[in-house]
Amino acid sequence: MSAGVIDFRAPVSPEEVRARGAALRDRTPVRARDRAAAGTSRPGVLEFLESSNRGRLPHLVPLRFGRMAASPFTFFRGAAGLMAADLADSPVSGPHAQLCGDAHAANFGLYGTPRGDIVMDINDFDETIPGPWEWDLERLAASLVLAGRESGASEDDCRAAARDAARTYRLAVTAIAGQPFLQSWNAVPGESVLGTVNADGLADDFKKAARKARKNTSAKVARKWTEHLEDHEAGYGKHRFVPDPPILTGVEAGVADAVIDGLTEYVGTLRESRRNLITRYRVSDIAFRIVGTGSVGLHSYLALLHGNGDDDALVLQIKQAVPSSLTPYLPKQQPRHEGERIVQGARTVQAETDILLGWTTLRLDGRELPFIVRQFRNLKGGIDPAELEPHQLDDYGRLAGALLARAHSRSLDARLLAGYLDDDEAFEDAVAAFAVRYADRTEADHAQLVAAVKDGRLPAETA
């Protein structure tokens, strides 16, 4: 709702909002989630892969194929656009939320708040965009089946995890719908959320991941990945990254200058209280670093900065922002800047956001490219869903389902969604059935990629 149409005088009761949600079931019953996996807008697998490589650095495309070919789950992680094509003509209830856009199970992770607390939330927003809330949930559910199959879980365990994710999503929406607005808005998903969603089976994994996350700092990166220079005329300061090809490599002076100029522009995108903080640092070095699965082939840089002495290190990631792969399948949206789209999406969805998250434009090879800027590995960690024991998979499904419901409720009125979902267990049965069906579809898609690599039609490398 824009500021121009807000009416603080007109009363709106919770019952009225819920009734509007309930009316949506007449058009789209919850059982409509149980349907065929492939959509009519789906391209061929190899056609999709070719089109998704446009604009990427050509020498890194084989690495992207190699990572996607590793397993059906890794293929799925690099194929958000393919699933968006399948979801494009699916039945939806109507309301839109700010989507993660790529809400697979591995995109929920631990990170540190400005106060140093460790929380768990959605932590990847490259694909974020307003869209049907169902799309995020169905991507999560299908990913749980694929992660479970990779870890050796039974089909019953995989289906149960997908069903529990949808059920806990529904129950969490209902609970949020009954809370005071400020209480639900300010809820921080720390370790206590495990007990709330009956995911105590993950307690040891959470504690272990949190311990690692607390050690995952810029200072640690600087100790392990950089070196001190006696003669520092070769760089901007007395420290530089130690190359570790092909993952971490140095850059030419012109590229380094472009990144530093971009950091100058980035400062203005931070909230005002943080601008004085970042401008106290100075750049020591710039490097190129390959990241992710879906992001392989995009420009991604690390900036090493130093502040209050040589021991005060800060590492920033400057990552290229490209249009969300969901964009072709949604009503036309034209963001002013793709980096801004990602940052504003994260700020909308996350309970706590990196205080140094912002965006910029880099001028490289005569082109202006959008980027996001964020702290690199600032108290970050995770629980790998593909490495969980079978009996833990449904715990993870419940946790992720609740976190997704909380995330959606920041942009979509939970009362409306609770009215639509009501107390209908058929919803989670339908989501689980689709998730299993879509996992089967993904395994077939992955097999096509593997076959194309094997017979030489597509190049693949590992690193």
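Summary table below
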read-out: Matching entry among T168, T196 (being in contact with a Gly (Cβ under 6 Å, 6 or more places away or on another chain) and among the β-branched types (V, I, T)); value: T168
read-out: Check on L330, closer than 30 Å to T40 by Cβ and either under 23 Å from the mean Cα position of the chain (by Cα) or not small (G, A, S) (or both); value: yes
read-out: Criterion (at pLDDT 95 or above and more than 26 Å from I342 (Cβ to Cβ)) met by exactly one of V259, V242, V267, V255; value: V242
read-out: Lone qualifier among L421, L404 - being among the aliphatic types (A, V, I, L, M), assigned by TED's automatic domain parsing to the domain that holds A22 and over 23 Å from the mean Cα position of the chain (by Cα); value: L421
read-out: Residue count, the stretch 305-324 (criterion: of a type in the set (A, V, I, L, M) and farther than 16 Å from T226 by Cα); value: 3
read-out: Residues that are under 18 Å from H239 (Cβ atoms) and either under 23 Å from the mean Cα position of the chain (by Cα) or without any contact (Cβ under 8 Å) to a residue 60 or more places away in the chain (or both), drawn from the stretch 298-311; value: Y301, L302, A303, L305, G307, N308, G309
read-out: For A175: the one exception among (1) surrounded by 14 or more Cβ atoms within 10 Å (Cβ to Cβ); (2) in contact (Cβ under 8 Å) with a residue 24 or more places away in the chain; value: (2)
read-out: Any hit, the stretch 111-118, residues being within 30 Å of A88 (Cα to Cα), among the small types (G, A, S), touching a residue at least 12 places away in the same chain (Cβ under 8 Å) and crowded, with 19+ Cβ neighbours inside 10 Å; value: no
read-out: The stretch 279-298: number of residues that are modelled with pLDDT of 95 or more, surrounded by fewer than 21 Cβ atoms within 10 Å (Cβ to Cβ), not in a strand (DSSP E or B) and not hydroxyl-bearing (S, T, Y); value: 2
read-out: Those residues of the stretch 139-160 which are in contact (Cβ under 8 Å) with a residue 60 or more places away in the chain and buried (at least 24 other Cβ atoms within 10 Å of the Cβ), in sequence order; value: L140, A141, A142, S143, L144, V145, L146, A147, G148, A153, C158
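The values are calculated or read from the model by the stated rules, or taken from the named source; none is laboratory data. This is a predicted model, so every value here is computed, not measured. Cβ: placed from backbone, ideal geometry, glycine included. Neighbour counts: every protein chain shown.
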